[in-house]
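Worksheet for the structure shown next.
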Amino acid sequence: MASQIVLGLVDDSLHECAQRGDAQKLAELLEKSRGSSVNDVDSKGFTALHHASYFDEGECVALLLACTACDALRPTKRGFTALHVASVAGSPRAARLLTKHYQREHLDLRNEWGETALHLAGGAGHVVVVQVLLDAAASPWVEDRWNRTPMQVCSEHGSKASLAVFEYRGFPLPKTMPASFTLPAAQRGRQVQESKLIAEFMEHLALSRQALSEPPHSVVQGIFKRSEASEAIEPADLLPPSSCSSAPPPLVAPAADASRSRRALSKLVEYPGDPAQVRALLCEGTVDPSGRDMFGVSALMKFAAWDKVDLLEMLLPHLLGHGQQEGRYEGLNETSPGDGFTALHHAANMGARRAFDFLSSVVGVDKALLDDRGRTAQDVAAEQGEFS
C-alpha cells in the first residue's frame, strides 16, 4: 500500500517517487508517459517538482528539470514556485539545481504575500540556502506585502545566522533590527553554527518519513504573514518547517466541546515560540499539552530542541498526571517516530545545552533510554560533538 503524499492529498506514483527520492522509478514513469504527467498537481497545486524540492531529493529534481515538458516555474495556489518550497524547507541541493535552471528574474518571483525565496530562506534561518540564493544573484531588496526586505524579515524573526550571511556579503543591517541581533565579530562564526538549530531540527523531522503517517494540514496562517484585523485567516498551501512570523495572526483555540478532542499544542506553536501565546493556550485548557503535530512531535520535544527552558517550565505543570499517574509528569520519555528520540535526545541532537541540563534534572526523565540506533541522549550529544 502506497503511503500518502506529505504536501498534498493525492496518492500518485509520480509524486510519491519524487517525495521518496526513488529516482530510478521516477525516470521510468517519465519515460513511459513521455513527460505528459510531469506537471500534474495534487489538491493544493503541488507538482512532482514541488515534492522533490521540499524533500531535497536532488537526483529527482535534476530528472524533472531535464524533462522538456516540466514547468519549473509553475506556482501553487498560493504562488509558491519549487524554489520557494526548497527555500522554506531548507533544501540546499534542490535550491542549487533550481537557481541554475532559473533565469535571473525568476529568482525573485513572489508568492501571494509578496515573499521571494530569499524572504523565506532568511526568515526560516536556512543559512546554506540563503548563501545559494545570494550566490545566484537573488535580490535582497525586493519588498514583500508589508514592505519588508529579506533582511528585515530575517531580523524580525531572530535568524542570526542568515542575517550574518547578508552582513558578510556587504549588505547593511536593517535600521529597525533589534539591538540583540547585532553580532560581535568574535562571535559571528559561532553564531552561524549555533543558529542552525531550528533549521536542522525541522529538516531532520521532515526527512524522517516513518513519521508521515497522516495527511498534513497547515499549522500556520500564511508564510511570515502579519496579523490584519480586516483579513480572514486562511491556511497556506504549504507546510513550512517552521513559522518565523514575529507577529503571527491570533490563533483561536476551539471552543470547549466534549464531543471533539482538543487540538495538540504542538500544532499551534511554531519556532521560536511565543511565551505569551503558549501561556494563554495552556491556561484556556482547550489544547492538549502532550498532543503531537503531523510529524509525531510533541510540544515538549519542540521546546527541548529549541533550547527554550522558559517554555519547558511553563509546560511541565500541565503534564502532571491524574489517577494512577497523579504527581508524575506524563510524556517525559515518549519518543518521536522515525528516530526514537525522547525530548532529551532532541535537546542533545540540536546542541540545546540549557534544555538538556534542565530536563536531566527533572524527576522522571529516563536518561538511560535508547533511541532507534541504540544511543542514549548523552551518546547523541557526544556523537554530535555537542557540550564539549
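Looking for something surrounded by fewer than 20 Cβ atoms within 10 Å (Cβ to Cβ) and touching a Lys or Arg at 6+ places or on another chain (Cβ under 6 Å) - is there at least one such residue anywhere in the stretch 82-102? No, that holds for no residue. Against the list (1) in a loop (DSSP other than H, G, I, E, B); (2) within 15 Å of the chain's Cα centre (by Cα), the condition Val129 fails is (1). Out of (1) basic (Lys, Arg); (2) at pLDDT below 85; (3) within 23 Å of the chain's Cα centre (by Cα), the odd one out for Arg93 is which? The single condition Arg93 does not satisfy is (2).
Residue count for the stretch 42-59 under the criterion of being more than 23 Å from Phe295 (Cα to Cα) and not acidic (Asp, Glu): the result is 0.
Return yes or no: is Ala69 assigned by TED's automatic domain parsing to the domain that holds Leu173, outside any helix (DSSP H, G or I) and farther than 17 Å from Ala18 by Cα?
On the way: assigned by TED's automatic domain parsing to the domain that holds Leu173: yes; outside any helix (DSSP H, G or I): yes; farther than 17 Å from Ala18 by Cα: no.
Taking the combined requirement at face value, the residue does not satisfy it.
For the stretch 80-95, does any single residue satisfy the condition of being more than 22 Å from Gln152 (Cβ to Cβ) and out of contact with any helix residue (DSSP H, G or I) (no Cβ under 8 Å at 6 or more places or on another chain)? Within the stretch 80-95, none of the residues are more than 22 Å from Gln152 (Cβ to Cβ) and out of contact with any helix residue (DSSP H, G or I) (no Cβ under 8 Å at 6 or more places or on another chain). Would you mind telling me which numbered condition in (1) hydroxyl-bearing (Ser, Thr, Tyr); (2) more than 21 Å from the chain's Cα centre (by Cα); (3) closer than 29 Å to Trp306 by Cβ Ser155 fails? Of the numbered conditions (1) hydroxyl-bearing (Ser, Thr, Tyr); (2) more than 21 Å from the chain's Cα centre (by Cα); (3) closer than 29 Å to Trp306 by Cβ, the odd one out for Ser155 is (2).
For the stretch 301-333, a residue qualifies if it is in contact with a Ser or Thr (Cβ under 7 Å, 6 or more places away or on another chain) and either at pLDDT below 90 or of a type in the set (A, V, I, L, M, F, W, C) (or both), and the qualifying residues are Met301, Leu319, Glu330, Gly331. Within the stretch 323-332, one or more residues are within 17 Å of Ser266 (Cα to Cα) and under 25 Å from the mean Cα position of the chain (by Cα).
Put simply, of Ala137, Ala121 the only residue that is in a helix (DSSP H, G or I), assigned by TED's automatic domain parsing to the domain that holds Ala94, of a type in the set (Gly, Ala, Ser) and at pLDDT 90 or above is Ala121.
Only one of the numbered conditions (1) closer than 13 Å to Cys70 by Cα; (2) at pLDDT below 90; (3) buried (at least 17 other Cβ atoms within 10 Å of the Cβ); (4) not aromatic (Phe, Trp, Tyr) is not met by Thr47, and that is (2). Just one of the numbered conditions (1) of a type outside the set (D, E, K, R); (2) in contact with a helix residue (DSSP H, G or I) (Cβ under 7 Å, 6 or more places away or on another chain); (3) surrounded by fewer than 20 Cβ atoms within 10 Å (Cβ to Cβ) is not true of Val287: (3). Taking first residues from the stretch 90-114 that are farther than 14 Å from Glu59 by Cβ and partners that are of a type in the set (Ser, Thr, Tyr), the Cβ contacts under 6 Å between residues at least 6 apart in sequence or on separate chains come to Asp108/Thr116; Asp108/Ser139; Leu109/Thr81; Arg110/Thr116.
Taken over the stretch 341-382, the criterion of being surrounded by fewer than 17 Cβ atoms within 10 Å (Cβ to Cβ) and small (Gly, Ala, Ser) is satisfied by Ser360, Ser361, Gly364, Ala368, Gly374, Ala382.
The values are calculated or read from the model by the stated rules, or taken from the named source; none is laboratory data. Here the structure is a predicted model, which means the values were calculated and not measured. With ideal geometry, Cβ positions are generated from the backbone for all residues, glycine too; neighbour counts draw on all protein chains shown.
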